[in-house]
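One structure below.
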């Protein structure tokens, strides 16, 4: 499903009473609001605006995205953008939806629910890794854009054979999504901090270079080895110098840690299934 052409997916059922207007952004995504047609030059569209915003965010982070900056990238005036997208907040919703493009066609492979749900989580993590700015997005409520709901639908579908109540399936989806987003945020924040430190070290000289502490950025594992002395923190010290968190200086392998946690969550879902079956729910 094209990211912005998904509006007809939520076509109104003639049997339903008229509904209240959707919030700005969602009304455009769900085809409840016409697209801007006026403009000084042809060629500007919602799709072009969103694509340019995503290119900016991929290259420079979400903080680089503003209506003015996007307009500059497209060669239009800022006011031209407002004829299509009413605000930056609306633009962020459109970007979020576009980041999940293709969710409707997603086919989850695997012999059972656990393999398919694991793939669902890994696909979600890979999407965040392609667009790290997702971890910077404000999230006052769960995303309700068409592609987001399509992706949730695929996750629920993966659990069709589990026997869990629908509400519990939705809770599992929320738990996995929260875990995936949290792990990705920590990984990308660490990567950004390391890049800033490396850039500062490369550009520093003289006294400034000494202050910057030219050299590799501290990792959690390296700090643990530096600070956890054996007498005060015997367990942390043992862990810090064990092979379990990786060879110095690399420490934990982040993707391995992500999958470890994911498998523990899926193990918990399996326990929930067993209890549900035992109760005969």
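What follows is calculated from the coordinates using simple rules that are stated; it is not laboratory data. The structure presented is a predicted model; accordingly, all values stated were derived computationally and were not measured. Methodologically, a virtual Cβ is constructed for each residue, glycine included, from the backbone with ideal geometry; neighbour enumeration extends over all protein chains shown.
Each of 186, 79 has some number of other Cβ atoms within 10 Å of its Cβ, and from fewest to most they run 79, 186. One chain, two ends: residue 137 and residue 170. Fully extended at 0.36 nm per residue, the span grows by 9.7 nm beyond their Cα-Cα distance.
With neighbours defined as other Cβ atoms within 10 Å of a residue's Cβ, the residues 122, 70, 167, 50 order from fewest to most as 167, 122, 50, 70. Going from the residue with the fewest nearby Cβ atoms within 10 Å to the one with the most, 47, 112 rank 112, 47. Remark: the residue 190-residue 232 segment gains 12.4 nm on full extension, using 0.36 nm per residue and subtracting the alpha carbon distance. Placing R0 at 22 angstrom, the Cβ-Cβ distance between residue 58 and residue 88 gives a FRET efficiency of 0.80 after rounding to 0.05.
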